[in-house]
Amino acid sequence: MILNFLYHNIIIMIFIYGDSHANTNFKNLNLPFVNKFEKSITMFRIGRDNIIINFNNQEHNEDSILCFNYGEVDCRCHIQRQINLGKNENDIIYELVDKYFNTINNNINKYSKIIIVAIIPPTKQMAYESLYGQITHEFPFVGSDEERVSYTIKMNNLLKEYCNKYNFIYFDPFDYYKSYNGLLNFELSDNNIHLGDNSFFLEKFIEL
């Protein structure tokens, strides 16, 4: 069900698109919104296919606020996999972000604001494996902790740059959730790769 709320007599609807982080980051948001998240969707797929998963332009109007929350999966496994195939790291990151923004720009023609959510700090592989055992299944961590931190920083810097270019809003409340080494503070996680305590995220989003 789509809920509306009034702000200065304007009907505002918030639509959220992204992977599973779009679900956990925005859980318990005390504003009317529609969450169109789909698990395990990569930024790479959005850009490659020129399709926003679960997107329907007919649901929006000129007062809609659209939020996009992709990229954690890419930083966790896609980038290093492409490097292992011989591709240049900076080229991979540039192509991911450039095609991502092209897809958003190509598919959306009705909105009030577009908000791009930064990529969450990566999870320490040892912290994950201490709970769930060595990773030998379809939930990969490709690259070292330090490499995945570096990829996340570079991706977020480019997301911010592209938001300035396209006049979108860049939303990054994640310094609060980082450990000293740039990894996700596991105490604030869901004991996995997502936020557990997202109250600070929601507070900053509502301020925005």
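The values are calculated or read from the model by the stated rules, or taken from the named source; none is laboratory data. Since we're looking at a predicted model, the values are computed, not measured. We place every Cβ from the backbone using ideal geometry, glycine too, and count neighbours over all the protein chains shown.
Observations
- Residue satisfying condition, being out of contact with any helix residue (DSSP H, G or I) (no Cβ under 8 Å at 6 or more places or on another chain) and buried (at least 20 other Cβ atoms within 10 Å of the Cβ), within set TYR111, TYR100, TYR17, TYR70: TYR17
- Per the listing PHE200, PHE139, the residue uniquely part of a helix (DSSP H, G or I), aromatic (Phe, Trp, Tyr), free of Cβ contacts under 8 Å to residues at least 60 places away in the same chain and touching a helix residue (DSSP H, G or I) at 6+ places or on another chain (Cβ under 9 Å) is PHE200.
- Selection from the range 23-40 of residues that are assigned to a loop (DSSP other than H, G, I, E, B), within 17 Å of the chain's Cα centre (by Cα) and not acidic (Asp, Glu): PHE26, LYS27, LEU29, LYS36, PHE37, LYS39, SER40
- Extreme residue, farthest from the chain's Cα centre (by Cα), among residues of the range 118-136 that are within 25 Å of LYS154 (Cβ to Cβ) and in a loop (DSSP other than H, G, I, E, B): ILE135
- Sole exception among (1) surrounded by fewer than 20 Cβ atoms within 10 Å (Cβ to Cβ); (2) modelled with pLDDT of 95 or more; (3) not in a loop (DSSP other than H, G, I, E, B) for ASN54, by number: (3)
Yes/no per residue for (1) out of contact with any strand residue (DSSP E or B) (no Cβ under 6 Å at 6 or more places or on another chain); (2) free of Cβ contacts under 8 Å to residues at least 12 places away in the same chain; (3) closer than 24 Å to LEU208 by Cβ:
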site: PHE33; (1), (2), (3): no, no, yes
site: PHE37; (1), (2), (3): no, no, yes
site: ILE41; (1), (2), (3): yes, no, yes
site: ARG45; (1), (2), (3): yes, yes, no
site: ILE51; (1), (2), (3): yes, no, no
site: ASN56; (1), (2), (3): yes, yes, no
site: ASN61; (1), (2), (3): yes, no, yes
site: LEU66; (1), (2), (3): no, no, yes
site: GLU72; (1), (2), (3): yes, no, yes
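- Of all residues making up the range 148-177, the number that are more than 16 Å from the chain's Cα centre (by Cα) and not in a helix (DSSP H, G or I): 1
- Filtering TYR176, TYR170, TYR151 for residues that are surrounded by fewer than 18 Cβ atoms within 10 Å (Cβ to Cβ), modelled with pLDDT of 95 or more and either under 17 Å from MET43 (Cβ atoms) or hydrophobic (A, V, I, L, M, F, W, C) (or both) leaves a single hit, TYR170.
- The range 99-148, residues that are modelled with pLDDT of 95 or more, closer than 14 Å to THR42 by Cα and not hydrophobic (A, V, I, L, M, F, W, C): LYS99, TYR100, THR103
- Any hit, the range 184-202, residues being of a type in the set (S, T, N, Q), under 26 Å from ASP91 (Cα atoms) and over 14 Å from the mean Cα position of the chain (by Cα): no
- The set of residues from the range 134-160 being closer than 14 Å to LEU184 by Cβ and of a type in the set (S, T, N, Q) comprises THR152, ASN156.
- Filter pass, PHE186 being surrounded by 14 or more Cβ atoms within 10 Å (Cβ to Cβ), modelled with pLDDT of 95 or more and out of contact with any Cys (no Cβ under 7 Å at 6 or more places or on another chain): no
- From ALA127, ALA118, residue being in contact with a Leu (Cβ under 7 Å, 6 or more places away or on another chain) and of a type in the set (Gly, Ala, Ser): ALA118
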